[in-house]
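Written below as structure tokens is the structure these notes are about.
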Amino acid sequence: MSQPLVGVIMGSTSDWDTMQHAAATLESLGVPFEKLVVSAHRTPDKMYEYAKSAESRGLRAIIAGAGGAAHLPGMTAALTALPVLGVPVESHALKGQDSLLSIVQMPGGIPVATFAIGKAGAINAALFAAAILSVGGEKKIKVALDAFRANQTAKVLDAKLP
Ligand code: RP5
């Protein structure tokens, strides 16, 4: 794959069940991306290095998934001016409400675009990243995104009920 334009990071390997949907969506749109586990509390130095070097390495957006006290997206956003797209992973104890509120309630000044809990959020974060790249001049990605939307619309228009 060519130079990654999107970084897909997550706080734990246990987040992959959710975040694989972001990866699959980016792949289906031909968006070059990288994926890795970066934990804000278990590997803070790695998170710092990752976020600090992201822009100079050519990334244009970061999708960050985390669950529970989900500080990875906010901490990453604090360390880079790139757009950070937060995906709340569904936790066991609170079904992802904790993740959602942790990610969405950023104090004014450091934004994190926050998506739905779980699979839908992961997919939409990837689509949103593709939209950012489209308006940023990535023509092939725009074509792929437009085709995805048209196909989705056609499927609904053609839908038959039993
Ligand atoms: C967070 O803690 C991760 O994002 C994950 O959602 C949650 C639980 O992690 P594990 O204990 O499964 O590694 O940092």
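In region 1-16, the qualifying residues are those that are under 16 Å from Val84 (Cβ atoms) and not acidic (Asp, Glu), and the one that is farthest from the ligand (Cβ to nearest atom) is Leu5. Scanning region 101-122 for residues that are of a type outside the set (A, V, I, L, M) and under 15 Å from Gly67 (Cα atoms) yields Ser102, Gln105, Thr114, Phe115, Gly118, Lys119, Gly121.
The residues on offer are Ala66, Ala129, Ala125, Ala116, and the sole one that is surrounded by fewer than 24 Cβ atoms within 10 Å (Cβ to Cβ) and touching a helix residue (DSSP H, G or I) at 6+ places or on another chain (Cβ under 8 Å) is Ala116.
When region 15-40 is filtered for residues that are in contact (Cβ under 8 Å) with a residue 24 or more places away in the chain, over 15 Å from Leu145 (Cα atoms) and of a type outside the set (A, V, I, L, M, F, W, C), the ones remaining, listed by number, are Asp15, Thr18, Gln20, His21, Glu34, Lys35, Ser39.
Read-outs throughout are calculated quantities, based only on the coordinates presented, and are distinct from any laboratory measurement. The shown structure was predicted, so the numbers you read here are calculated from the model rather than taken from an experiment. Ideal geometry is used to build each Cβ from the backbone, glycine not excepted, and the neighbour counts take in all protein chains shown.
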